[in-house]
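Everything below concerns the one structure shown next.
The values are calculated or read from the model by the stated rules, or taken from the named source; none is laboratory data. Since we're looking at a predicted model, the values are computed, not measured. Methodologically, a virtual Cβ is constructed for each residue, glycine included, from the backbone with ideal geometry; neighbour enumeration extends over all protein chains shown.
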Amino acid sequence: MDGHASPRNAPLPGWVPRLPISVDDYYRMAEAGMFPHERRVELIEGELIAMSPMGVRDAHRIMRINHLLVPALGDRAVLAPQVTARMGDFSAPEPDFMLVRPSYLQDAKSVPQPGDMLLVIEVSDSTLRYDRTVKARRYARHGVPEYWIVDVRDNAVIVHREPKDETYAVVRQAAPGDVLEPALLPGLRVAVADILA
């Protein structure tokens with residue numbers, strides 16, 4: 001071995017044309033069984049992205065958030081854990097949580113879209129950089145009104161609000177002593193310490 005990457009594993013140069021996969025193609029591929037159950041993928045801007053395996057800390061946080069939010073929401077919103085969303089023709093991310101409008105369930109003809117969403121939450125450990133950059137840009141571009149990143153490593157929740165173009169005008173880091181209240185769900189108060197416990 002000469003230490004060079006094999007051609008099969010070498011990344012394509014930026015100038016090589018790529019054929020984007022549409023959301024409709026992505027769903028057809030999934031229905032045809034092209035994605036093994038043990039291999040989670042999501043579609044971001046026409047490219048298939050392998051999702052990191054869930055670690056113990058991630059799983060604990062996801063169960064804890066689910067336990068906190070379900071009774072607190074009542075009939076005000078529906079908690080959708082690890083459900084694929086549709087964002088335009090070329091993105092189908094699978095956030096850890098979406099809080100969607102109850103009206104979505106009355107006429108659900110497709111997976112949730114940004115207009116159905118009140119809040120998106122990602123639990124991040126090894127994916128923190130990706131969630132803060134690529135995911136944040138995509139959620140902002142498609143008008144997701146509020147986006148939280150539960151930062152497992154630094155014990156914080158990064159709150160994004162007011163999407164404009166590919167960014168959020170308001171980004172702040174909430175510490176364990178803080179209480180969060182989603183902008184579109186006034187009165188729903190969630191202690192950061194409870195999320196991170």
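Values computed for the structure shown
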| read-out | value |
| --- | --- |
| Selection status of Thr167, in contact with a helix residue (DSSP H, G or I) (Cβ under 8 Å, 6 or more places away or on another chain), among the hydroxyl-bearing types (Ser, Thr, Tyr) and surrounded by fewer than 20 Cβ atoms within 10 Å (Cβ to Cβ) | yes |
| Residue count, the stretch 17-39 (criterion: assigned to a loop (DSSP other than H, G, I, E, B), of a type outside the set (Lys, Arg) and touching a strand residue (DSSP E or B) at 6+ places or on another chain (Cβ under 9 Å)) | 4 |
| Top-ranked residue in the stretch 89-101 [being under 19 Å from Leu184 (Cβ atoms) and within 11 Å of the chain's Cα centre (by Cα); ranked as surrounded by the most Cβ atoms within 10 Å (Cβ to Cβ)] | Met98 |
| Filter pass, Tyr104 being crowded, with 17+ Cβ neighbours inside 10 Å, in contact (Cβ under 8 Å) with a residue 24 or more places away in the chain, under 22 Å from Val171 (Cα atoms) and aromatic (Phe, Trp, Tyr) | no |
| Inter-residue pairs, beta-carbon under 9 Å, first within 8 Å of Ile158 (Cβ to Cβ) and of a type in the set (Val, Ile, Thr) and in the stretch 171-182, second assigned to a strand (DSSP E or B) and modelled with pLDDT of 95 or more, 6+ apart | Val171/Ile158; Val171/Val159; Val171/His160; Val171/Arg161 |
| Of all residues making up the stretch 132-181, the number that are in contact with a Leu (Cβ under 7 Å, 6 or more places away or on another chain), more than 17 Å from Ala85 (Cβ to Cβ) and either at pLDDT below 95 or not aliphatic (A, V, I, L, M) (or both) | 5 |
| Evaluation of Tyr147 against (1) in a loop (DSSP other than H, G, I, E, B); (2) in contact with a His (Cβ under 7 Å, 6 or more places away or on another chain) (one fails), failing number | (1) |
| Filter pass, Arg61 being in contact (Cβ under 8 Å) with a residue 12 or more places away in the chain and either within 20 Å of Tyr147 (Cα to Cα) or crowded, with 18+ Cβ neighbours inside 10 Å (or both) | yes |
| The stretch 115-132 - residue that is free of Cβ contacts under 8 Å to residues at least 60 places away in the same chain and over 12 Å from the mean Cα position of the chain (by Cα) and, of those, surrounded by the most Cβ atoms within 10 Å (Cβ to Cβ) | Asp116 |
| Hits in the stretch 117-130 (condition: part of a strand (DSSP E or B), of a type outside the set (S, T, N, Q) and more than 13 Å from Ala85 (Cβ to Cβ)) | Val123 |
